[in-house]
Amino acid sequence: MFKIIAIVVVVLVVALLIYAATKPDDFRVQRSASIKAPSEKIFPLISDLRSFNTWNPYERKDPNMKGNYSGPSSGKGAAYAFDGNKDVGKGSIEITESSPTSKVTMKLNMMEPFEAHNIVEFTLQAVGDTTNVTWAMSGHTPYVAKIVHVFFDMDSMVGKDFEIGLANLKVVAEK
């Protein structure tokens, strides 16, 4: 009986590993919101990391988070290193591209709870008296992460935070 159980367990583990290998090598999570404000008002709330952190949902997950700003106050080269609780982790974010009123690209380097190096993009598109803001994150998915993604849907988890963040941004920008 023990032998049969062991064989079933081995077959299930092998099936899981094979299934995980079929997962995509890269991921992208993206959410958008329409904000009733001009892109000229919204852009500084993203390109200045101090302003960004007033509505950033990850900053709000740990009121005791330690953070350190470096580089210019906004735009390319502006950076923020953070060390927070288990909901936030430890890492840094740096603006790598800043196109006034239309796009901000950031490099997110996570060290804890797991190492990850991802690209974060904010795009702003004026549509009449509103601005469509899209928050996206993309990166490579190593094999170990593919196994985790079998059990946890990253799009749902991270996407929910992006939705909260865009709602926070909307409140601040529409004042």
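The values are calculated or read from the model by the stated rules, or taken from the named source; none is laboratory data. The structure presented is a predicted model; accordingly, all values stated were derived computationally and were not measured. Cβ: placed from backbone, ideal geometry, glycine included. Neighbour counts: every protein chain shown.
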Check your understanding: Which of the residues spanning region 58-74 are modelled with pLDDT of 95 or more and either assigned to a helix (DSSP H, G or I) or aromatic (F, W, Y) (or both)?
Key -> Y69
Exercise for review: Just name the residue that is surrounded by the most Cβ atoms within 10 Å (Cβ to Cβ) out of those in region 88-101 that are within 26 Å of P63 (Cβ to Cβ) and not basic (K, R).
Suggested key: I95
Review point. Which of the residues that make up region 102-130 are out of contact with any Lys or Arg (no Cβ under 8 Å at 6 or more places or on another chain), of a type in the set (S, T, Y) and buried (at least 16 other Cβ atoms within 10 Å of the Cβ)?
Key: T105
Review point. Taking region 139-166, which residues are touching a residue at least 40 places away in the same chain (Cβ under 8 Å), of a type in the set (F, W, Y) and more than 17 Å from D26 (Cβ to Cβ)?
Key: F162
Study note, to complete from the structure: Log entry, pairs with first residue in region 26-39 being basic (K, R), second being outside any loop (DSSP other than H, G, I, E, B) and exposed (fewer than 15 other Cβ atoms within 10 Å of the Cβ), beta carbons closer than 8 Å, six or more apart or on different chains, reads R28/S138
**Study point:** Residue satisfying all of: in region 127-137; within 20 Å of K175 (Cβ to Cβ) and at pLDDT 95 or above; nearest to the chain's Cα centre (by Cα) among these
**Key:** W135
**Study point:** Qualifying position, being at pLDDT 90 or above, assigned to a strand (DSSP E or B) and among the aliphatic types (A, V, I, L, M), among A81, A37
**Key:** A81
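Mind listing just one residue for me: the one in region 17-55 that is of a type outside the set (A, V, I, L, M) and more than 18 Å from K103 (Cα to Cα) and, of those, surrounded by the most Cβ atoms within 10 Å (Cβ to Cβ)?
F27
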Review point. Of the residues L124, L108, L169, which is in contact (Cβ under 8 Å) with a residue 24 or more places away in the chain, touching a strand residue (DSSP E or B) at 6+ places or on another chain (Cβ under 9 Å), in a helix (DSSP H, G or I) and hydrophobic (A, V, I, L, M, F, W, C)?
Key: L169
Study note, to complete from the structure: Of (1) out of contact with any Ser or Thr (no Cβ under 6 Å at 6 or more places or on another chain); (2) surrounded by 13 or more Cβ atoms within 10 Å (Cβ to Cβ); (3) under 27 Å from K170 (Cβ atoms), D83 fails just (3)
Exercise for review: Can you work out which of the residues in region 13-34 that are modelled with pLDDT under 95 and within 23 Å of the chain's Cα centre (by Cα) is farthest from P142 (Cα to Cα)?
Suggested key: V29
Check your understanding: Taking region 127-166 as the search range and keeping residues that are part of a strand (DSSP E or B) and not polar (S, T, N, Q), which one is farthest from A15 (Cα to Cα)?
Key -> V127
